[in-house]
1. State which residue is nearest to residue 138 (Cα to Cα) when the search covers only the stretch 47-62 and only residues that are near the ligand (Cβ under 10 Å from one of its atoms) and open to solvent by 50 Å² or more (accessible area, probe 1.4 Å).
2. Starting from the stretch 72-88, keep only residues that are on the phi > 0 side of the Ramachandran plot, then list their pairs with residues that are among the β-branched types (Val, Ile, Thr) and more than 7 Å from the ligand (Cβ to nearest atom) whose Cβ atoms are within a distance under 7 Å, requiring at least 6 positions of separation or different chains.
3. Only one of (1) open to solvent by 40 Å² or more (accessible area, probe 1.4 Å); (2) more than 16 Å from residue 145 (Cβ to Cβ); (3) in a helix (DSSP H, G or I) fails for residue 9. Which number is that?
4. In the stretch 63-97, how many residues are more than 15 Å from the chain's Cα centre (by Cα) and open to solvent by 70 Å² or more (accessible area, probe 1.4 Å)?
5. Give me the residue from the stretch 21-46 that is of a type in the set (A, V, I, L, M) and under 13 Å from residue 140 (Cβ atoms) and, out of that set, most open to solvent (accessible area, probe 1.4 Å).
6. Does residue 18 meet the test of being surrounded by fewer than 17 Cβ atoms within 10 Å (Cβ to Cβ), modelled with pLDDT under 95 and within 16 Å of residue 150 (Cβ to Cβ)?
7. Do you know which of the residues in the stretch 98-142 that are touching a Phe, Trp or Tyr at 6+ places or on another chain (Cβ under 7 Å) and of a type in the set (Ser, Thr, Tyr) is least open to solvent (accessible area, probe 1.4 Å)?
8. Any residue in the stretch 38-54 that is within 18 Å of residue 10 (Cα to Cα), in a strand (DSSP E or B), among the aliphatic types (A, V, I, L, M) and touching a Cys at 6+ places or on another chain (Cβ under 7 Å)?
Amino acid sequence: MEFETLKPEIDRIIAGTSGNTEEKLTAICELLRNSVPYYDWVGFYFKNGDKEELKLRSYAGEPTDHTIIPFGKGICGQVAVSNENFVVPDVKAQDNYIACSIHVKAEVVIPLFVNGENIGQIDIDSHTPDPFTPEDEAFLEYVNRQVATIL
Ligand code: SME
(Lines give C-alpha, C1' and ligand atoms only; values in the text may rest on other atoms or scores of the structure.)
Protein backbone atom coordinates (compact mmCIF):
# COMPACT_ATOMS: atom_id res chain seq x y z
CA MET A 1 0.00 0.00 0.00
CA GLU A 2 1.35 3.40 -0.98
CA PHE A 3 0.56 5.43 2.11
CA GLU A 4 2.49 8.44 0.78
CA THR A 5 -0.25 9.00 -1.81
CA LEU A 6 -2.91 9.02 0.91
CA LYS A 7 -1.21 11.65 3.07
CA PRO A 8 -2.09 14.59 0.75
CA GLU A 9 -5.69 13.38 0.70
CA ILE A 10 -5.75 13.37 4.52
CA ASP A 11 -4.25 16.87 4.47
CA ARG A 12 -6.92 18.05 2.03
CA ILE A 13 -9.75 16.77 4.26
CA ILE A 14 -8.18 18.37 7.35
CA ALA A 15 -7.70 21.72 5.60
CA GLY A 16 -11.17 21.73 4.00
CA THR A 17 -13.29 24.79 4.69
CA SER A 18 -16.63 23.09 4.16
CA GLY A 19 -17.62 20.49 6.71
CA ASN A 20 -17.37 20.36 10.49
CA THR A 21 -15.03 18.16 12.52
CA GLU A 22 -17.52 15.27 12.56
CA GLU A 23 -17.75 15.30 8.78
CA LYS A 24 -13.98 15.46 8.42
CA LEU A 25 -13.49 12.50 10.77
CA THR A 26 -16.05 10.49 8.84
CA ALA A 27 -14.42 11.47 5.53
CA ILE A 28 -11.06 10.21 6.84
CA CYS A 29 -12.62 6.92 7.98
CA GLU A 30 -14.21 6.44 4.56
CA LEU A 31 -11.03 7.40 2.69
CA LEU A 32 -9.00 4.84 4.64
CA ARG A 33 -11.59 2.08 4.37
CA ASN A 34 -12.04 2.64 0.63
CA SER A 35 -8.31 2.95 -0.11
CA VAL A 36 -6.68 0.18 1.90
CA PRO A 37 -8.02 -3.25 0.92
CA TYR A 38 -7.44 -4.81 4.35
CA TYR A 39 -9.02 -1.92 6.33
CA ASP A 40 -12.56 -3.27 6.80
CA TRP A 41 -13.73 -1.07 9.67
CA VAL A 42 -12.20 2.28 10.61
CA GLY A 43 -13.33 4.38 13.57
CA PHE A 44 -12.35 7.12 15.99
CA TYR A 45 -13.07 6.71 19.71
CA PHE A 46 -12.58 9.58 22.18
CA LYS A 47 -12.61 9.90 25.96
CA ASN A 48 -16.20 10.52 26.97
CA GLY A 49 -16.06 13.74 28.96
CA ASP A 50 -14.85 13.09 32.51
CA LYS A 51 -15.78 9.42 32.39
CA GLU A 52 -13.22 6.63 32.33
CA GLU A 53 -14.61 5.35 29.05
CA LEU A 54 -14.31 5.74 25.28
CA LYS A 55 -17.15 6.85 23.04
CA LEU A 56 -17.34 6.12 19.31
CA ARG A 57 -17.45 9.41 17.38
CA SER A 58 -17.04 8.54 13.67
CA TYR A 59 -16.61 5.35 11.69
CA ALA A 60 -16.82 3.68 8.29
CA GLY A 61 -17.95 0.07 7.94
CA GLU A 62 -20.61 -2.00 9.62
CA PRO A 63 -22.38 -0.43 12.62
CA THR A 64 -21.06 -1.72 15.96
CA ASP A 65 -22.81 -2.26 19.30
CA HIS A 66 -19.63 -1.15 21.05
CA THR A 67 -20.14 2.61 21.04
CA ILE A 68 -19.02 2.90 24.67
CA ILE A 69 -15.89 1.02 25.88
CA PRO A 70 -14.71 1.28 29.52
CA PHE A 71 -11.01 2.08 30.04
CA GLY A 72 -9.07 -1.17 30.35
CA LYS A 73 -11.61 -3.27 28.42
CA GLY A 74 -10.80 -4.70 25.00
CA ILE A 75 -7.96 -3.59 22.78
CA CYS A 76 -9.33 -0.04 22.66
CA GLY A 77 -9.73 0.26 26.43
CA GLN A 78 -6.20 -1.05 26.97
CA VAL A 79 -4.75 1.61 24.64
CA ALA A 80 -6.68 4.29 26.54
CA VAL A 81 -4.53 3.47 29.59
CA SER A 82 -1.26 2.25 27.99
CA ASN A 83 -0.82 5.26 25.63
CA GLU A 84 0.87 2.88 23.20
CA ASN A 85 0.09 1.43 19.78
CA PHE A 86 -1.51 -2.01 19.97
CA VAL A 87 -1.14 -4.27 16.93
CA VAL A 88 -3.13 -7.51 17.12
CA PRO A 89 -2.19 -9.94 14.32
CA ASP A 90 -4.71 -12.55 15.54
CA VAL A 91 -7.66 -11.41 17.65
CA LYS A 92 -8.35 -15.01 18.75
CA ALA A 93 -5.08 -14.98 20.67
CA GLN A 94 -6.27 -12.07 22.86
CA ASP A 95 -8.09 -12.67 26.15
CA ASN A 96 -9.03 -9.02 26.69
CA TYR A 97 -10.74 -8.46 23.35
CA ILE A 98 -14.23 -7.20 22.46
CA ALA A 99 -15.53 -8.91 19.31
CA CYS A 100 -17.45 -6.64 16.95
CA SER A 101 -17.87 -9.08 14.08
CA ILE A 102 -17.10 -12.75 13.53
CA HIS A 103 -15.27 -11.75 10.33
CA VAL A 104 -12.57 -9.73 12.12
CA LYS A 105 -9.17 -11.46 12.17
CA ALA A 106 -6.83 -8.63 13.18
CA GLU A 107 -6.94 -5.16 14.70
CA VAL A 108 -4.72 -2.13 15.22
CA VAL A 109 -5.35 0.74 17.64
CA ILE A 110 -3.20 3.89 17.65
CA PRO A 111 -3.60 6.51 20.43
CA LEU A 112 -4.31 10.12 19.50
CA PHE A 113 -2.51 12.79 21.50
CA VAL A 114 -3.35 16.47 21.95
CA ASN A 115 -0.77 18.44 23.91
CA GLY A 116 0.78 15.16 25.04
CA GLU A 117 -2.51 13.82 26.42
CA ASN A 118 -4.05 10.59 25.12
CA ILE A 119 -7.58 11.78 24.29
CA GLY A 120 -8.69 9.15 21.80
CA GLN A 121 -7.63 6.68 19.17
CA ILE A 122 -8.08 5.36 15.69
CA ASP A 123 -9.21 1.73 15.56
CA ILE A 124 -8.99 -0.49 12.49
CA ASP A 125 -10.42 -3.98 12.09
CA SER A 126 -9.30 -6.31 9.31
CA HIS A 127 -10.83 -9.45 7.86
CA THR A 128 -7.31 -10.40 6.72
CA PRO A 129 -5.06 -12.27 9.19
CA ASP A 130 -1.89 -10.46 10.32
CA PRO A 131 -2.00 -7.62 7.73
CA PHE A 132 -0.48 -4.71 9.67
CA THR A 133 3.14 -3.59 9.30
CA PRO A 134 5.22 -0.81 10.88
CA GLU A 135 4.26 1.26 7.79
CA ASP A 136 0.60 1.07 8.83
CA GLU A 137 1.53 2.26 12.32
CA ALA A 138 3.61 5.17 11.01
CA PHE A 139 0.86 6.20 8.60
CA LEU A 140 -1.87 6.02 11.25
CA GLU A 141 0.29 8.05 13.64
CA TYR A 142 0.48 10.66 10.89
CA VAL A 143 -3.32 10.59 10.48
CA ASN A 144 -3.78 11.10 14.22
CA ARG A 145 -1.29 14.00 14.32
CA GLN A 146 -3.26 15.70 11.54
CA VAL A 147 -6.61 15.05 13.25
CA ALA A 148 -5.20 16.49 16.50
CA THR A 149 -4.85 19.87 14.76
CA ILE A 150 -8.64 20.20 14.27
CA LEU A 151 -9.83 19.01 17.68
N1 SME B 1 -12.37 -4.85 19.11
C2 SME B 1 -12.36 -3.66 19.91
C3 SME B 1 -13.76 -3.13 20.10
C4 SME B 1 -14.15 -2.12 19.10
S5 SME B 1 -14.61 -2.82 17.61
O6 SME B 1 -13.37 -3.34 16.98
C7 SME B 1 -15.29 -1.69 16.61
C8 SME B 1 -11.69 -3.93 21.24
O9 SME B 1 -11.38 -5.06 21.56
O10 SME B 1 -11.51 -2.95 21.98
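The values are calculated or read from the model by the stated rules, or taken from the named source; none is laboratory data. This structure is a prediction, so every number in the text was calculated from the model and none was measured. Counting neighbours? That spans all protein chains shown, and the Cβs are built from the backbone with ideal geometry, glycine included. Remember, those area values only see protein heavy atoms, side chains included, never the ligands or the DNA or RNA. Shrake-Rupley method; radii C 1.70, N 1.55, O 1.52, S 1.80 Å.
1. So the residue we want is 59.
2. 72/81
3. Failed condition: (2).
4. 7
5. Ranking the candidates gives 31 first.
6. Against the criterion (surrounded by fewer than 17 Cβ atoms within 10 Å (Cβ to Cβ), modelled with pLDDT under 95 and within 16 Å of residue 150 (Cβ to Cβ)), residue 18 qualifies.
7. 126
8. Checked the stretch 38-54: at least one residue is within 18 Å of residue 10 (Cα to Cα), in a strand (DSSP E or B), among the aliphatic types (A, V, I, L, M) and touching a Cys at 6+ places or on another chain (Cβ under 7 Å).
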